[in-house]
1. Looking at segment 43-59, can you tell me whether even one residue there is open to solvent by less than 100 Å² (accessible area, probe 1.4 Å) and either under 30 Å from S186 (Cα atoms) or touching a Gly at 6+ places or on another chain (Cβ under 9 Å) (or both)?
2. Applying the selection to segment 135-151, what residues are of a type outside the set (D, E) and surrounded by 11 or more Cβ atoms within 10 Å (Cβ to Cβ)?
3. Would you confirm whether any residue within segment 110-118 is farther than 19 Å from F158 by Cα and without any contact (Cβ under 8 Å) to a residue 12 or more places away in the chain?
4. Look through segment 1-27, keep the residues that are exposed (fewer than 10 other Cβ atoms within 10 Å of the Cβ) and in a helix (DSSP H, G or I), and return whichever of them is modelled with the lowest pLDDT.
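The values are calculated or read from the model by the stated rules, or taken from the named source; none is laboratory data. Only a predicted model underlies this, so the values are computations on that prediction, with no experimental measurement involved. Cβ placement follows ideal geometry from the backbone for every residue including glycine, while neighbour counts extend to all protein chains displayed. Side chains are part of the model used for accessible areas, which takes the heavy atoms of the whole protein and leaves out ligands, DNA and RNA. Shrake-Rupley method; radii C 1.70, N 1.55, O 1.52, S 1.80 Å.
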Amino acid sequence: MPDMTEKLDRFTAKILAEASEESKRAMDQAQQKRAAALRRAEDQVLREAYQYIHREVARIKGEAGRSVSRHMLENQRALSLRREEMAQETFALVRAKIAAFTRTPTYGDRLEELLKQALSHLPGAKDVQVCLRPEDSQWIPRLSKAAGGKVTFQEGDFRMGGLVARSPSLGLRVDASFDCTAQELSGHFAELFGLSLAGE
């Protein structure tokens, strides 16, 4: 019987070895599956984290961009308002200086120059009408003499000074009023004095 016991022991050892080998293979496969599942889970977590980071970066950039744009608009509005205030302050000073100038004898010289220039733009006109402010009527005799008596005078609708000459027969009008000059300058004031905003 020893053979039989020996055979049985060998058979048992063989079965146990195969079972151990099968168990090891199953354990290896399970470990590989577990490692693959772990890698897939890690990859999924990384993808989700990457997408989340990109969404957050885009959101933060958008908010920052809107905030910067809002601040730029506010600053531009404030600069524009200040520029308008400066223009108004400057033109108030200009109007005051012009008003003071129109009360000096030199103003009569200027009116005479303006009349001569206006008449040069109305060559051959026989019917020149010169408009003045009511307060400039004191200069009519001097201006009439300078024009050789060829002009008539009437009240103009401007207030700062200067004159307007027109010839109905020629259909021409020369506006040499200070009001007209000030209006033309006001449109170019920001450019002339470097107050325009960058990008405008």
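1. no
2. S137, W139, I140, R142, L143, S144, A146, A147, K150, V151
3. no
4. P2
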